[in-house]
Amino acid sequence: MSVYVLVHGAWGGSWCWKSIRAALQARGHHVFTPTLSGVGERSHLLSRQVNLDTHIADVVNLIRWEDISNVVLCGHSYGGCVVTGAADQIADRISALVYVDAFVPESGQSLHDTLPAEQRDSQVKGALETGDGWRVPPIPAEVFNVNARDRAWVNQQRTPQSLATFQQPLHLTGGIERIRSATYILATGWDHSPFPQFYEKAKAKNWKTFTLACGHDVMLDNPDELLQILLSVPSQTTS
């Protein structure tokens, strides 16, 4: 039995993990799928003050208050920034990290620091034009090549997110270096992906790496293969 904490990406919520969560639970595992402050069913908490630190605290506090350890901590997309920051703070509780088509910023970098300029500028422009300068509207599911069956549902579910979450730099203390198991999954079935850079860095660090021929929302487009990868991640303590 393993403990999984699965963290969604930008504009998302726990809803995106429904099938993966059910499949892991059916195999006897404990699974937590927190929704970050200000999005999804917690969209009533959205404010310009919500930033990356807020979301890191969401995950850190979940793990502390649930009193769980040997956690397989998984982040999708923007969630990669969140799990990196959380793991750095509570490395003693994390057995493995899994990044699903995700950002893996270095200390001192924000998500926007790692984006191509045109993608970064598009998000800022969206906030200025429709979000009072601080709410970033969701990117349509079609851009991420979400499967046709789920596209309308995904577009309905996604909610705006604070610009500060994308612009606040991540600050690491070195704690994350104690976590020896790391996996990176790259989705290759969509255009203009900013994630190959992180996949190449993961390979250079000798992380376990996978490529899946599907859209960005891997948990929706290729849940079976993602499930098998998650089940293969070893549960081990930090050194």
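Some notes on this structure:
- Residue match in the range 219-236 (condition: surrounded by 18 or more Cβ atoms within 10 Å (Cβ to Cβ), in contact with a Lys or Arg (Cβ under 6 Å, 6 or more places away or on another chain) and at pLDDT 95 or above): no
- Residues that are part of a helix (DSSP H, G or I) and acidic (D, E) within the range 99-135 comprise D113, E118, D121, E129, listed in sequence order.
- Summed over the range 187-196, residues that are surrounded by 13 or more Cβ atoms within 10 Å (Cβ to Cβ) and in contact (Cβ under 8 Å) with a residue 60 or more places away in the chain total 4.
- Failed item in (1) under 14 Å from S193 (Cβ atoms); (2) in contact with a strand residue (DSSP E or B) (Cβ under 7 Å, 6 or more places away or on another chain), with P116 passing the rest: (2)
- The listed residues are V31, V60, and the only one of them that is assigned to a helix (DSSP H, G or I) and over 20 Å from N155 (Cβ atoms) turns out to be V60.
- Subset of the range 197-216 [outside any helix (DSSP H, G or I) and surrounded by fewer than 15 Cβ atoms within 10 Å (Cβ to Cβ)]: K205, N206, T211, A213
- Checklist (1) surrounded by 18 or more Cβ atoms within 10 Å (Cβ to Cβ); (2) closer than 17 Å to V100 by Cβ; (3) among the aliphatic types (A, V, I, L, M) applied to I176, failing item: (2)
- Filter result (of a type outside the set (S, T, Y) and either farther than 14 Å from H8 by Cα or without any contact (Cβ under 8 Å) to a residue 40 or more places away in the chain (or both)) within the range 58-71: D58, V60, N61, L62, I63, R64, W65, E66, D67, I68, N70, V71
- Among the residues of the range 32-42, some residue qualifies, meaning at least one is in contact with an Asp or Glu (Cβ under 6 Å, 6 or more places away or on another chain) and touching a residue at least 40 places away in the same chain (Cβ under 8 Å).
- Within the range 79-100, residues that are closer than 19 Å to D53 by Cβ reach partners that are assigned to a loop (DSSP other than H, G, I, E, B) and polar (S, T, N, Q) with beta carbons closer than 6 Å, at six or more positions or on different chains, in the pairs D88/T173; A91/T238; R93/S69.
- Residues being of a type outside the set (S, T, N, Q), in contact (Cβ under 8 Å) with a residue 40 or more places away in the chain and in a helix (DSSP H, G or I) - total across the range 136-176: 5
- Candidates are the residues of the range 63-98 that are outside any loop (DSSP other than H, G, I, E, B) and among the polar types (S, T, N, Q); the one that is farthest from G174 (Cα to Cα) is S95.
- In the range 43-57, the residue that is nearest to Q156 (Cα to Cα) out of those that are in contact (Cβ under 8 Å) with a residue 40 or more places away in the chain and more than 18 Å from the chain's Cα centre (by Cα) is L46.
- For the range 1-28, taking the residues that are assigned to a loop (DSSP other than H, G, I, E, B) and among the small types (G, A, S), the one that is surrounded by the fewest Cβ atoms within 10 Å (Cβ to Cβ) is identified as G28.
- Members of the range 41-60 that are surrounded by 19 or more Cβ atoms within 10 Å (Cβ to Cβ), out of contact with any strand residue (DSSP E or B) (no Cβ under 9 Å at 6 or more places or on another chain) and closer than 20 Å to G131 by Cα: L52
The values are calculated or read from the model by the stated rules, or taken from the named source; none is laboratory data. These numbers come from a predicted model, not from an experiment. Note that each Cβ is placed from the backbone with ideal geometry, even for glycine, and that neighbours are counted across all protein chains shown.
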